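Comments concern the structure below.
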Amino acid sequence: MDYLLHVLILIGIYIILAVSLDLMAGYAGMLSLAQAAFFGIGAYSFALMSNRVAGGFLVVIGCAAAFSGMVGACVGYPSLRIRTEYFAITTLGVQVVLSSLFNNCVSLTGGPMGMTNIPAPIIGRWVASSKLSYLILTAVAVGLVIAVSRLLVCRYTGRVLRAIREDEVFTESLGINVAGYKITISAISASMAAVAGCIYAAYFSFIDPSSFSLTESVAIVSAVILGGAGSVFGPALGAALLISIPEALRFVGLTTATVANLRQILYGSVLVILMLVRPRGLVGQFDFGRKAR
Amino acid sequence: MISQLVANALITWSYLALLSVGFGLIYACGRFFHFAHGAVFTVGGYAAFCLVHTLGVPPLVAFGAALVAAAFVGALLEQCVYRPLRNRGASDLAMLIASMGAYIAIQHSLALAFGEDTKRIDLRSSISSVSVLGARLTGGQAIAIVTAAAALCAVLAILDVTRFGKALRAVANDSDLARVVGIDRARIHLLVGVLGSVLAGLAGVIFALDVKVAPSMGMNPLLLCVVAVIVGGIGSPVGTIGSSFLICLLQQVIVWFLSSEWQDAIVYAILLVLLIVKPEGLARRRVRRWAV
């Protein structure tokens, strides 16, 4: 039972990551390979602040999300000049630089050894202690993230973002502040990823740079593409599938190392196969495979 | 000290330049980032390791076979992934995503097959070390540098002299026009893939001999070669050769004055600044793909 709860919590964390990336990649057409870095910024901010900042879990999460959002806005800024695959390369650079900071600022982040003894979240009198309470916490966060995303994409904002994705110059000619939208959406996306990072750090009470590496960023991209970019529920579905399938493999009697490799092979093959066979994913609206105008 | 610095830079240059030139040629022809190039590099290293250590093949034969293995993987990727994508009119971003996926899948397949641990190719050779202008190199490193330089010269000659080289440059310049004058683009893409992969395989063998064999060995050189190709100016092999040397030299300077763990961060930070400030690369060549 505990194991099932554990898997559900993981799925929840990855749903937040996939949905947050999809706001940028699926709606605004800005594919980012740095989502795991923002996940990491959230996790490290939480680990660093939770012992030092008074006010409990919500304040810390707020600060982490705000900080990550600021970094996200800086990353969104180059997207005004740099498009599609070059934006992907730029975010790849951001991912490499931030990974390196996580690994090498040993006095702050503990370096490759990571940080341990991250305290459990306290909200008022309530302390998350059991797996079930973490699941509730994660579920609330997932609900909030999905609600915010739905609100964003169902209305005017969503139409503007899709217009930017389809034809940026035309959108600008309608008098829409394309730069503002692009920067804002990357800030929102980065703060959502940071919320996932806070929950991750609190739940495991241990973090190390390998959880926030380029490989993880690619895994998040896989989830978005498998589920289908340009919809809110698609990436959520993709994340759920990509976490649960490798977990199921454990019951076949494979070792942890084998499962870890099979997991990555699955993520990689998903990208290749979907691009070849069904670039819009399972339930997606946006086809990454289509040539941009 | 300076000569040793340059010598150390040349050692890393020997594999980085080979990898980057292949990556750059494939980019120039297909206009997509071939991330799986890093996996081809790793395959080259593992093939050399397996042939030498598991099967006991004489080293030189093994290295030749490793190049063939790398070429095979490169051709397979082109035929099974990139060509269908291109025929479907896929965007450059789709090619990048598929290529990233192929890289991850191949790297972890190798990890599954051979284990995660780092391996070394031990030739037990007794080539004495050489000393040039006060810089010390092992014999193997000297041979690697000379081999890499020779291979690069051969590639430049192929590009300049042969019919295939002309066709390649035509496709890189204007793919549609090349088709109009009767160049078989699919064939050129395949041949470029094979040529690039042979270079990557050679780079992998050199890396395997000088550094290590590990499933993740391709990632770092791959990241650096992306920088080298963008900095050197896309579609300019000579620029790429020069920029990869600059990157290696910069890395050695960082190691000398700071510490080795900051190498990647600094190189990539420079790339970010460059992408934002001077997107056409250092070699003044227009990149038509660049928007705005």
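The values are calculated or read from the model by the stated rules, or taken from the named source; none is laboratory data. In this text the structure is predicted, and so the values were computed from the model without any measurement. Methodologically, a virtual Cβ is constructed for each residue, glycine included, from the backbone with ideal geometry; neighbour enumeration extends over all protein chains shown. Surface accessibility is based on the protein's heavy atoms, side chains included, excluding ligands, DNA and RNA. Shrake-Rupley method; radii C 1.70, N 1.55, O 1.52, S 1.80 Å.
Look at B:ARG284 and say whether it is open to solvent by 60 Å² or more (accessible area, probe 1.4 Å), within 13 Å of chain A (Cβ to nearest Cβ) and either assigned to a loop (DSSP other than H, G, I, E, B) or modelled with pLDDT under 85 (or both). Before you say what the answer is, go through the steps one by one.
Values: open to solvent by 60 Å² or more (accessible area, probe 1.4 Å): yes; within 13 Å of chain A (Cβ to nearest Cβ): no; either assigned to a loop (DSSP other than H, G, I, E, B) or modelled with pLDDT under 85 (or both): yes.
No: the conditions fail for B:ARG284.
In the list A:THR84, A:THR138, which residue meets the criterion of being touching an Asp or Glu at 6+ places or on another chain (Cβ under 9 Å) and either within 14 Å of chain B (Cβ to nearest Cβ) or in contact (Cβ under 8 Å) with a residue 40 or more places away in the chain (or both)?
Values: A:THR138 fails: touching an Asp or Glu at 6+ places or on another chain (Cβ under 9 Å).
Going through A:THR84, A:THR138 in turn, just one is touching an Asp or Glu at 6+ places or on another chain (Cβ under 9 Å) and either within 14 Å of chain B (Cβ to nearest Cβ) or in contact (Cβ under 8 Å) with a residue 40 or more places away in the chain (or both): A:THR84.
So how many residues does segment A:104-141 have that are part of a helix (DSSP H, G or I), over 19 Å from A:SER211 (Cβ atoms) and β-branched (Val, Ile, Thr)?
So the count comes out to 2.
If you go through segment A:23-46 one residue at a time, how many are of a type in the set (Gly, Ala, Ser), at pLDDT 90 or above and more than 15 Å from the chain's Cα centre (by Cα)?
Matching residues across segment A:23-46 total 1.
Quickly run through segment B:113-135 and pick out the residues that are among the hydrophobic types (A, V, I, L, M, F, W, C), outside any loop (DSSP other than H, G, I, E, B) and either without any contact (Cβ under 8 Å) to a residue 60 or more places away in the chain or within 14 Å of chain A (Cβ to nearest Cβ) (or both). Break it down stepwise before answering.
Restricting attention to segment B:113-135, the residues satisfying the condition of being among the hydrophobic types (A, V, I, L, M, F, W, C) are B:113-114, B:121, B:123, B:127, B:130, B:132-133, B:135.
From what's left, outside any loop (DSSP other than H, G, I, E, B): B:113-114, B:130, B:132, B:135.
Answer for segment B:113-135, where residues must be among the hydrophobic types (A, V, I, L, M, F, W, C), outside any loop (DSSP other than H, G, I, E, B) and either without any contact (Cβ under 8 Å) to a residue 60 or more places away in the chain or within 14 Å of chain A (Cβ to nearest Cβ) (or both): B:ALA113, B:PHE114, B:VAL130.
Looking at B:ILE143, B:ILE158, which one is open to solvent by 60 Å² or more (accessible area, probe 1.4 Å) and part of a helix (DSSP H, G or I)? If you could, list the steps in order and put the result at the bottom.
Working: B:ILE158 fails: open to solvent by 60 Å² or more (accessible area, probe 1.4 Å).
So the residue among B:ILE143, B:ILE158 that is open to solvent by 60 Å² or more (accessible area, probe 1.4 Å) and part of a helix (DSSP H, G or I) is B:ILE143.
Could you pull out the residue among B:SER125, B:SER129 that is modelled with pLDDT under 85 and within 22 Å of B:TRP13 (Cα to Cα)?
Numbers: B:SER125 fails: within 22 Å of B:TRP13 (Cα to Cα).
After applying the criteria, what remains is B:SER129.
Can you name every residue in segment B:189-220 that is within 13 Å of chain A (Cβ to nearest Cβ) and under 22 Å from A:ILE89 (Cα atoms)?
Of segment B:189-220, the ones within 13 Å of chain A (Cβ to nearest Cβ) are B:215-216, B:218-220.
Scanning segment B:189-220 gives B:SER216, B:GLY218, B:MET219, B:ASN220.
Taking segment B:74-90 as the region of interest, how many residues are within 14 Å of chain A (Cβ to nearest Cβ), closer than 14 Å to B:ALA39 by Cβ and in contact with a helix residue (DSSP H, G or I) (Cβ under 8 Å, 6 or more places away or on another chain)? Show your work before the answer.
Initial filter on segment B:74-90 (within 14 Å of chain A (Cβ to nearest Cβ)): B:76-90.
With the extra rule that they be closer than 14 Å to B:ALA39 by Cβ, the set shrinks to B:76-78, B:80-82.
Right, trim to in contact with a helix residue (DSSP H, G or I) (Cβ under 8 Å, 6 or more places away or on another chain) and you get B:77-78, B:81-82.
Adding up the residues that qualify gives 4.
Among the helices (runs of 4 or more DSSP H) contained in segment A:160-271, which hold 3 or more residues that are surrounded by 24 or more Cβ atoms within 10 Å (Cβ to Cβ) and on the phi < 0 side of the Ramachandran plot? Write out each step before concluding.
Numbers: elements: A:168-173, A:178-204, A:214-227, A:233-249.
Result: A:178-204, A:214-227, A:233-249.
Among the residues of segment B:43-53, are any open to solvent by less than 20 Å² (accessible area, probe 1.4 Å), within 19 Å of B:LYS119 (Cβ to Cβ) and hydroxyl-bearing (Ser, Thr, Tyr)?
yes
Looking only at segment B:74-85, decide whether some residue is among the small types (Gly, Ala, Ser), farther than 21 Å from B:LEU112 by Cβ and free of Cβ contacts under 8 Å to residues at least 60 places away in the same chain.
For segment B:74-85, residues among the small types (Gly, Ala, Ser), farther than 21 Å from B:LEU112 by Cβ and free of Cβ contacts under 8 Å to residues at least 60 places away in the same chain: absent.
For B:HIS34, only one of the following conditions fails: (1) open to solvent by 20 Å² or more (accessible area, probe 1.4 Å); (2) of a type outside the set (Phe, Trp, Tyr); (3) in contact (Cβ under 8 Å) with a residue 60 or more places away in the chain; (4) not in a helix (DSSP H, G or I). What is its number?
Failed condition: (1).
Would you confirm whether any residue within segment B:121-129 is within 22 Å of the chain's Cα centre (by Cα) and not β-branched (Val, Ile, Thr)? Can you show your working first?
Residues of segment B:121-129 that are within 22 Å of the chain's Cα centre (by Cα), as a first pass: B:121.
Now restrict to residues that are not β-branched (Val, Ile, Thr): none.
There is no residue in segment B:121-129 that is within 22 Å of the chain's Cα centre (by Cα) and not β-branched (Val, Ile, Thr).
With A:ARG280, A:ARG250 as the choices, which residue is away from chain B (no Cβ under 14 Å) and either among the basic types (Lys, Arg) or free of Cβ contacts under 8 Å to residues at least 40 places away in the same chain (or both)?
Values: A:ARG280 fails: away from chain B (no Cβ under 14 Å).
Answer to the selection: A:ARG250.
Being touching a His at 6+ places or on another chain (Cβ under 8 Å), within 17 Å of B:HIS37 (Cβ to Cβ) and either free of Cβ contacts under 8 Å to residues at least 24 places away in the same chain or in a helix (DSSP H, G or I) (or both), is that true of even one residue in segment B:225-243?
As a first pass, look at segment B:225-243 and keep what is touching a His at 6+ places or on another chain (Cβ under 8 Å): B:225.
Pick out the ones that are also within 17 Å of B:HIS37 (Cβ to Cβ) and you get B:225.
Filter once more, so that each one left must be either free of Cβ contacts under 8 Å to residues at least 24 places away in the same chain or in a helix (DSSP H, G or I) (or both): B:225.
Yes, the conditions are met somewhere in segment B:225-243.
Only one of A:VAL96, A:VAL59 is more than 27 Å from A:VAL178 (Cα to Cα), assigned to a helix (DSSP H, G or I) and away from every other protein chain (no Cβ under 14 Å). Can you tell me which?
Numbers: A:VAL96 fails: away from every other protein chain (no Cβ under 14 Å).
Of A:VAL96, A:VAL59, the one residue that is more than 27 Å from A:VAL178 (Cα to Cα), assigned to a helix (DSSP H, G or I) and away from every other protein chain (no Cβ under 14 Å) is A:VAL59.
Restricting attention to segment B:136-148, does a residue exist that is more than 21 Å from the chain's Cα centre (by Cα), within 14 Å of another protein chain (Cβ to nearest Cβ) and either within 30 Å of A:ALA260 (Cβ to Cβ) or small (Gly, Ala, Ser) (or both)?
Applying the first criterion (more than 21 Å from the chain's Cα centre (by Cα)) to segment B:136-148 yields B:136-139.
Next, only the ones that are within 14 Å of another protein chain (Cβ to nearest Cβ) stay: none.
No, there is no match, as no residue in segment B:136-148 is more than 21 Å from the chain's Cα centre (by Cα), within 14 Å of another protein chain (Cβ to nearest Cβ) and either within 30 Å of A:ALA260 (Cβ to Cβ) or small (Gly, Ala, Ser) (or both).
Go through (1) open to solvent by 20 Å² or more (accessible area, probe 1.4 Å); (2) within 14 Å of chain A (Cβ to nearest Cβ); (3) outside any loop (DSSP other than H, G, I, E, B) for B:ALA186 and report which single condition fails.
The failed condition is (2).
Quick check: is even one residue across segment A:46-53 away from every other protein chain (no Cβ under 14 Å), part of a helix (DSSP H, G or I) and surrounded by 19 or more Cβ atoms within 10 Å (Cβ to Cβ)?
First, pick out the residues of segment A:46-53 that are away from every other protein chain (no Cβ under 14 Å): A:46-53.
Narrowing further to those that are part of a helix (DSSP H, G or I): A:46-49.
After this cut, where a residue has to be surrounded by 19 or more Cβ atoms within 10 Å (Cβ to Cβ) as well, the list is A:46-47.
Yes: one or more hits.
Out of all the residues in segment B:57-71, which are in contact with a helix residue (DSSP H, G or I) (Cβ under 9 Å, 6 or more places away or on another chain) and either closer than 17 Å to B:ALA200 by Cα or open to solvent by 60 Å² or more (accessible area, probe 1.4 Å) (or both)?
Taking segment B:57-71 as the starting set, the residues that turn out to be in contact with a helix residue (DSSP H, G or I) (Cβ under 9 Å, 6 or more places away or on another chain) are B:57-59, B:61-63, B:65-71.
If the condition is that a residue be in contact with a helix residue (DSSP H, G or I) (Cβ under 9 Å, 6 or more places away or on another chain) and either closer than 17 Å to B:ALA200 by Cα or open to solvent by 60 Å² or more (accessible area, probe 1.4 Å) (or both), then B:PRO58, B:VAL61, B:ALA62, B:PHE63, B:ALA65, B:ALA66, B:LEU67, B:VAL68, B:ALA69, B:ALA70, B:ALA71 are the ones that fit.
Given A:ALA147, A:ALA139, which one is among the small types (Gly, Ala, Ser), open to solvent by 30 Å² or more (accessible area, probe 1.4 Å), over 19 Å from A:ILE185 (Cβ atoms) and modelled with pLDDT of 90 or more? Walk me through how you get there before you give the answer.
Details: A:ALA147 fails: over 19 Å from A:ILE185 (Cβ atoms).
Unique residue meeting the criteria: A:ALA139.
Inspect all residues belonging to segment B:98-112 and state whether any of them is surrounded by fewer than 13 Cβ atoms within 10 Å (Cβ to Cβ) and without any contact (Cβ under 8 Å) to a residue 24 or more places away in the chain.
Going residue by residue through segment B:98-112, those that are surrounded by fewer than 13 Cβ atoms within 10 Å (Cβ to Cβ) are none.
No, there is no match, as no residue in segment B:98-112 is surrounded by fewer than 13 Cβ atoms within 10 Å (Cβ to Cβ) and without any contact (Cβ under 8 Å) to a residue 24 or more places away in the chain.
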